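What follows is a set of notes on a single structure, which appears directly below.
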Amino acid sequence: MKRYLIIFSFFFLSFSPIISAQTTNCTGAPESQLVIGEQARIVADGGSNLRTRPTPDSPLLTIIPQNELVPVLDGPFCSAGYAWWQVDYDSERGWVAEGTGEFYWLAPYVIQRAQIGHVRIEIQPELIT
């Protein structure tokens, strides 16, 4: 078993694709962590606003509940000190701010997968609240 763990560790660290977040220089916003085409999790207490456009004064479509997963479709777009990401929630496309200052409202949710022989391993991030 120990041998498989060593092999898995080597494989995972050596051959895992390196995915990096899109960057934006958005004053007031935290450093972007999201990647287009990946999943994101709503981590804001009470949920996060889904808006029609990437601005804080655009019409509100809905509030996405905390811990919901959403696909990241586009972004980041900097407006009013926020990095905005286009997501799809409940068949509605809209824009969610990633966070402010040091606080994130939207965080990456990445599942790591590997297979060694007949053994398939899937690692999911722990929920951070």
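Taking A44, is it surrounded by 22 or more Cβ atoms within 10 Å (Cβ to Cβ) and in contact (Cβ under 8 Å) with a residue 12 or more places away in the chain? Please lay out each step first, then the result.
Values: surrounded by 22 or more Cβ atoms within 10 Å (Cβ to Cβ): no; in contact (Cβ under 8 Å) with a residue 12 or more places away in the chain: yes.
No, not satisfied.
Residue-by-condition table, conditions (1) open to solvent by 40 Å² or more (accessible area, probe 1.4 Å); (2) of a type in the set (A, V, I, L, M, F, W, C); (3) in contact (Cβ under 8 Å) with a residue 24 or more places away in the chain:
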| position | (1), (2), (3) |
| --- | --- |
| E38 | yes, no, yes |
| P59 | yes, no, no |
| V70 | no, yes, yes |
| V87 | no, yes, yes |
| E102 | yes, no, yes |
Point to revise | Single unsatisfied condition, L13 versus (1) exposed (fewer than 10 other Cβ atoms within 10 Å of the Cβ); (2) aliphatic (A, V, I, L, M); (3) at pLDDT 95 or above | key: (3)
Review point. How about the range 72-85: which of its residues are of a type in the set (S, T, Y) and surrounded by fewer than 19 Cβ atoms within 10 Å (Cβ to Cβ)?
Key: S79
Practice item. Hey, can you tell me all the residues within the range 89-100 that are free of Cβ contacts under 8 Å to residues at least 60 places away in the same chain and either at positive phi or exposed (fewer than 13 other Cβ atoms within 10 Å of the Cβ) (or both)? Key: D90, S91, E92
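Taking the range 29-62, which residues are charged (D, E, K, R) and touching a strand residue (DSSP E or B) at 6+ places or on another chain (Cβ under 7 Å)? Lay out the reasoning, then the answer.
The first filter runs over the range 29-62 and keeps only residues charged (D, E, K, R), leaving 31, 38, 41, 45, 51, 53, 57.
Selection gives E38, R41, R51, R53.
The values are calculated or read from the model by the stated rules, or taken from the named source; none is laboratory data. These figures come from a predicted structure and were not determined experimentally. Cβ: placed from backbone, ideal geometry, glycine included. Neighbour counts: every protein chain shown. These area figures cover heavy atoms from the full protein model, side chains too; ligands, DNA and RNA do not enter into them. Shrake-Rupley method; radii C 1.70, N 1.55, O 1.52, S 1.80 Å.
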